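Report on one structure; see the data block that follows.
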Amino acid sequence: MKLCRYGPRGNEQPGLVDATGTLRSLSAHFDDLTAANITAEGLAKLRSIDPSTLPVVQGPVRYGLPFTGTRQFIAIGLNYADHAAESNMAIPKEPVVFTKAVSCLQGPNDDVMIPRDSVKTDWEVELGIVIGKRASYVEESAAMDCVAGYCVVHDVSEREYQLERGGSWDKGKGCATFGPVGPWLVTRDEIPDPQQLDLWLEVNGEREQHGNTRTMIFGVATLVSYLSRFVVLLPGDIITTGTPPGVGMGKQPPRFLRAGDSVRLGIEKLGIQQQRIVGWAAAGVAP
């Protein structure tokens, strides 16, 4: 299934994209799509609904977050060897783990706002893992049972805050609007091998990133098992798994996002995002 939420900010409706690519409303069955809907029990209930009986949603829509209730937004750094090289960093022996603030989550096509005084806001297309089952000390052989599905994540990053201001990477990763997710949550059964997905990103129509998840240093099952040793993973949690080479920081000379830029990114079978880059505003961007 491809699950989604659509409509104006704060008034999103639950939806499903059927096998023909048609958006259909789930509002007769659910008030919203939450973390509870992507557990094994919740997905079983969704699968019992015949998509052809659902009303077709007419016209263009705004996609919001595919579901609500994310409590942890965990990120993996330097998970592609060629990206580590362009960042002048060693290939990690264990996953590099940091967090993105849940408050930075937003719809896939909403504006991305450059933080106040930022000069190094950067792009990163990433595969997102969505957790569907509580996971604590899960063996790698059982890790995939804890995965509800996958989504596109844009891990927007401010490199000065991340790398030059001391402390952890977190301060350059969780600024407002730095977590576009979606357009859909694609359930695990539609992606038999998450380590064989093309991913790409363009800035102003220019291809900047292109890679495939087969070159990840630590794969999906490894990451879920590894993280479950340190934190309890909960339904609705998102793990964003690192980016292939081609980020602005790695360009010669470096290139960063500016107000007026347009970013388009996607992952095979998981959909496409597009964001307008806007300058900082005291009021911020509406949540």
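The values are calculated or read from the model by the stated rules, or taken from the named source; none is laboratory data. A quick note: this is a predicted structure, and the numbers were derived from the prediction, not measured. No Cβ is skipped: glycine too gets one built from the backbone with ideal geometry, and neighbour counts run over all protein chains shown.
One residue is enough: does region 65-82 have a residue meeting the conditions outside the structural domain of residue 172 (by TED's automatic domain parsing), assigned to a strand (DSSP E or B) and more than 22 Å from the chain's Cα centre (by Cα)? No, region 65-82 contains no residue that is outside the structural domain of residue 172 (by TED's automatic domain parsing), assigned to a strand (DSSP E or B) and more than 22 Å from the chain's Cα centre (by Cα). If I filter region 116-124 for residues that are of a type in the set (D, E, K, R) and outside any loop (DSSP other than H, G, I, E, B), do I get at least one hit? Taking every residue of region 116-124 in turn, at least one turns out to be of a type in the set (D, E, K, R) and outside any loop (DSSP other than H, G, I, E, B). Checked against the criteria, residue 101 counts as surrounded by fewer than 21 Cβ atoms within 10 Å (Cβ to Cβ) and either assigned by TED's automatic domain parsing to the domain that holds residue 211 or closer than 18 Å to residue 124 by Cα (or both). When the criteria are applied in full, residue 47 meets the requirement of being over 25 Å from residue 97 (Cα atoms), loosely packed, with under 14 Cβ neighbours inside 10 Å, touching a residue at least 12 places away in the same chain (Cβ under 8 Å) and charged (D, E, K, R). Restricting region 55-74 to residues that are aliphatic (A, V, I, L, M) and farther than 15 Å from residue 154 by Cα leaves a set whose member that is surrounded by the most Cβ atoms within 10 Å (Cβ to Cβ) is 57. Does residue 99 satisfy being out of contact with any Gly (no Cβ under 8 Å at 6 or more places or on another chain) and hydroxyl-bearing (Ser, Thr, Tyr)? In short, no. Looking across region 40-55, the residues that are assigned to a helix (DSSP H, G or I) and not acidic (Asp, Glu) come down to 40, 42, 43, 44, 45, 46, 47, 51, 52, 53. Within region 67-81, residues that are on the phi > 0 side of the Ramachandran plot sit with their Cβ atoms under 7 Å from residues that are in a loop (DSSP other than H, G, I, E, B), at 6+ positions apart or across chains, in these pairs: 69/236; 78/87; 78/89; 78/92; 78/242.
Of all residues in region 116-130, those satisfying the criterion of being more than 19 Å from residue 271 (Cα to Cα) and crowded, with 17+ Cβ neighbours inside 10 Å are 118, 120, 121, 122. Checking each residue in region 198-208 for being within 12 Å of residue 244 (Cα to Cα) and among the aliphatic types (A, V, I, L, M) picks out 199, 201. Scan region 266-283 and give yes if some residue there is crowded, with 21+ Cβ neighbours inside 10 Å, under 14 Å from residue 122 (Cβ atoms) and touching an Asp or Glu at 6+ places or on another chain (Cβ under 8 Å), otherwise no. Yes, region 266-283 contains at least one residue that is crowded, with 21+ Cβ neighbours inside 10 Å, under 14 Å from residue 122 (Cβ atoms) and touching an Asp or Glu at 6+ places or on another chain (Cβ under 8 Å). Close Cβ contacts (under 8 Å, 6 or more residues apart or on different chains) running from residues in region 187-198 that are without any contact (Cβ under 8 Å) to a residue 40 or more places away in the chain to residues that are among the charged types (D, E, K, R) and surrounded by fewer than 18 Cβ atoms within 10 Å (Cβ to Cβ) comprise 195/214; 196/214. When the test is whether a residue is over 24 Å from residue 189 (Cα atoms), hydrophobic (A, V, I, L, M, F, W, C), at pLDDT 95 or above and not assigned by TED's automatic domain parsing to the domain that holds residue 131, residue 28 passes it.
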